[in-house]
Every structure is written in structure tokens, then in C-alpha cells.
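Visitor: Could you have a look at this structure, given as C-alpha cells, before my questions?
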Amino acid sequence: MRDGAHRILQISDIHLGADVNRELLGVKTNESLQAIIRHIQERQTKMDAIILSGDLSQDGSATSYKRLASLIDVFNVPIYFIPGNHDNQQVMRTVYPFENILDNRHILFGDWQIILLDSQKPGAVEGHLKATELQFLRECLEKYPQHHAMIMFHHQPFNLGCTWLDKLGVTNAEQFWQTVENYSNVKVVFVGHVHQEFFQQIKNIPCYAVPSTCIQFQGCRPDFALENIPPGYRWITLHDDGQLETGIERLPHYIGRFDAKAKGY
Ligand SMILES: [Fe+2]
């Protein structure tokens, strides 16, 4: 890595349950996360932070949030989190912040700022960025106009070409894009939720989605289907000149059974 670079890992859609052996469509989510953690320990020699981008838990249980904290305790870097549609924020906030899991939503790294938004719409699978979230975003961008901005939240503010998933993104995505187009320092948007690698450029801003650490959804299809491709995570390198590099790392295989007949989750 060049000097003045900051390495961030995005880990997403972990879907842990209170029961350590709980499966999600044939995948033991706890075991799958453990395999991802081992992969990171072996392959990622330098990192400055980890961001957990929602759906940390499948059942919103305190037990699952506590177990997650003990599993990722092996990383000696700050770990930040944002809620997904499966998370119970009330319960999550009784467990976090805890040790190196921090609840900051605005993080400065050199000439970069990372802005974490809450896109959860209580009781819904789809997402929404509340007026207070968009206001928080504006405040960060105005307070730090010289810092390149990386924005991350759970639900996607774009269509993927998957009819079923396109109904489950941020329902007020247009408001989000109208907000960010006023600020030239917004460099990139990262999301979770869609359980697949995806890239799209919107209003000249690159947008990236990330695989889940457990089950993977098939892209470009009208209805739900799993993809027979292993779990993964995203690495992000932010350079102080405003350039960034990013990519996906995957396990060699699914942890558990790939359920080709799954019709939903
Ligand atoms: Fe998810």
C-alpha cells in the first residue's frame, strides 16, 4: 500500500442466531463467520478499521450480538456497525459499544471521512433514510468540506436488475442522491443487504455492494434464488489524494450446504 492509505474491511449480513448452530438456508452462519475471520487473519496483514454493514443478527437476540463481539475480538482495530433490517437496534445498543466495537457514525482517517447512516425502517425489509439521517449527512459534509467522503449504509439506493430485491432498497433513494449531488467531496457509497458483489456508477459516484458472510443471492433475476458462490467480504483502500481501491475476497467454498431449491429467506 502507498503511504497515506487507510485500509478498511466491510463485513456484512452475518445473520448470527442465538443458537450457535442455527442455519440459514443450509449455511451455519456462525461457522461461516468464523471461516471469514480466519481468512482475514491469514490474508489481511494491515487494516485500520472494520465496518459491519448490517444484519449482524438474524433474530436480533442479545446472545447473537454478544457472540459476535467475542468472535471479532481477535482484531485489534476499531470496529464500527450499522443496523440492517434484521437487527434489533434496542437490543443491539444494550450490547454495543463493547471493547473495540464502537458506535461512532463519523470517522476521520487522514484526508477521508467515513459517514455511517441508519437506513433501517422499523418492521420493514425495505429501507428508508429518515430526514434526521439526511440532515446528519449534510452536517458532516458541510463541517468537513475538505475531507473526501465515503458513505455506508445497509440498504441499496439503486436498482440491481433483480425485481424482488429492487423493491427492498432505500425507498427514498432519490432524496439521498439529491442530497449528495450538492457536495463534490462525496467519493463513494458502500452498502450491504443484497448478498452479492455489485457495482454501479450513479451521478458519477461509484456504488458498491458486498457479498454476505453466509448465503449469496443470485443477481439479475426477477425472483429469489441463491447463488452457488462462496461467502466473502470487501476490502477498501482509501488514499489521501482521494483515490480509492476496493475488491472482494471469498472463501474457497460454502460453509454448509448450498440449497439450490431455496425460494426465500
Ligand atoms: Fe442480509
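Visitor: Which of the residues spanning the range 110-132 are surrounded by 17 or more Cβ atoms within 10 Å (Cβ to Cβ), polar (S, T, N, Q) and more than 16 Å from the ligand (Cβ to nearest atom)?
Guide: GLN113
Visitor: Next question. Filter the range 62-109 down to the residues that are in a helix (DSSP H, G or I), within 16 Å of the ligand (Cβ to nearest atom) and not hydrophobic (A, V, I, L, M, F, W, C) and list them by number.
Guide: If we filter the range 62-109 for residues that are in a helix (DSSP H, G or I), which is where we start, we get 62-74, 89-95.
Cutting the leftovers down to within 16 Å of the ligand (Cβ to nearest atom) gives us 64-65, 68, 89, 92.
Scanning the range 62-109 gives SER64, TYR65, GLN89.
Visitor: Going by the structure shown, is GLY242 in a loop (DSSP other than H, G, I, E, B), of a type outside the set (Lys, Arg) and within 16 Å of the ligand (Cβ to nearest atom)? Give the steps one after another, and end with the answer.
Guide: On the way: in a loop (DSSP other than H, G, I, E, B): yes; of a type outside the set (Lys, Arg): yes; within 16 Å of the ligand (Cβ to nearest atom): no.
No; evaluated as a whole, the condition is false for this residue.
Visitor: Right, here's the next one. Select, from GLY232, GLY247, the only residue that is of a type outside the set (S, T, N, Q), surrounded by fewer than 14 Cβ atoms within 10 Å (Cβ to Cβ) and closer than 27 Å to HIS6 by Cα. Break it down into steps so the answer makes sense when it comes.
Guide: On the way: GLY232 fails: surrounded by fewer than 14 Cβ atoms within 10 Å (Cβ to Cβ).
That would be GLY247, the only listed residue that is of a type outside the set (S, T, N, Q), surrounded by fewer than 14 Cβ atoms within 10 Å (Cβ to Cβ) and closer than 27 Å to HIS6 by Cα.
Visitor: Out of curiosity, is GLU142 of a type in the set (D, E, K, R), modelled with pLDDT under 95 and either farther than 28 Å from ASN30 by Cα or within 16 Å of the ligand (Cβ to nearest atom) (or both)? Working first, answer last.
Guide: Working: of a type in the set (D, E, K, R): yes; modelled with pLDDT under 95: no; either farther than 28 Å from ASN30 by Cα or within 16 Å of the ligand (Cβ to nearest atom) (or both): yes.
So GLU142 does not fit the description; no.
Visitor: Next question, about the same structure. Residues of the range 179-210 being in contact with a strand residue (DSSP E or B) (Cβ under 6 Å, 6 or more places away or on another chain), within 14 Å of the ligand (Cβ to nearest atom) and assigned to a loop (DSSP other than H, G, I, E, B), which ones?
Guide: Selection gives GLY192, VAL194, HIS195, GLN196, VAL210.
Visitor: Spot the failing condition for GLY242; the list is (1) within 20 Å of VAL188 (Cα to Cα); (2) free of Cβ contacts under 8 Å to residues at least 60 places away in the same chain, and only one is missed.
Guide: Looking at each condition in turn, GLY242 falls short on (2).
Visitor: So which of PRO83, PRO97 is over 23 Å from GLU139 (Cα atoms) and either in contact with a strand residue (DSSP E or B) (Cβ under 6 Å, 6 or more places away or on another chain) or free of Cβ contacts under 8 Å to residues at least 12 places away in the same chain (or both)?
Guide: Numbers: PRO83 fails: over 23 Å from GLU139 (Cα atoms).
Just a single option satisfies the conditions, and that option is PRO97.
Visitor: Identify all residues within the range 21-45 that are more than 29 Å from LEU238 (Cα to Cα) and either in a helix (DSSP H, G or I) or in contact with a helix residue (DSSP H, G or I) (Cβ under 6 Å, 6 or more places away or on another chain) (or both); write none if there are none.
Guide: THR29, ASN30, GLU31, listed by residue number.
Visitor: Which residue is surrounded by the most Cβ atoms within 10 Å (Cβ to Cβ), if the candidates are limited to the range 53-80 and must be in contact with a strand residue (DSSP E or B) (Cβ under 7 Å, 6 or more places away or on another chain) and among the hydrophobic types (A, V, I, L, M, F, W, C)?
Guide: LEU56
Visitor: Among the residues of the range 46-55, is any part of a loop (DSSP other than H, G, I, E, B) and within 16 Å of the ligand (Cβ to nearest atom)?
Guide: Looking for residues that are part of a loop (DSSP other than H, G, I, E, B) and within 16 Å of the ligand (Cβ to nearest atom), one finds at least one in the range 46-55, hence yes.
Conditions tested, residue by residue: (1) acidic (Asp, Glu); (2) touching a Lys or Arg at 6+ places or on another chain (Cβ under 9 Å); (3) surrounded by 17 or more Cβ atoms within 10 Å (Cβ to Cβ); (4) closer than 25 Å to GLN218 by Cα.
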site	(1), (2), (3), (4)
HIS155	no, yes, yes, yes
PHE158	no, no, yes, yes
GLY161	no, yes, no, yes
ALA173	no, no, yes, yes
ASN182	no, yes, no, no
VAL188	no, no, yes, yes
HIS193	no, no, yes, yes
GLN201	no, no, no, yes
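The values are calculated or read from the model by the stated rules, or taken from the named source; none is laboratory data. All values reported here derive from a predicted model rather than from experimental measurement. FYI the Cβ positions are ideal-geometry reconstructions off the backbone, even for glycines, and counts take in every protein chain you see.
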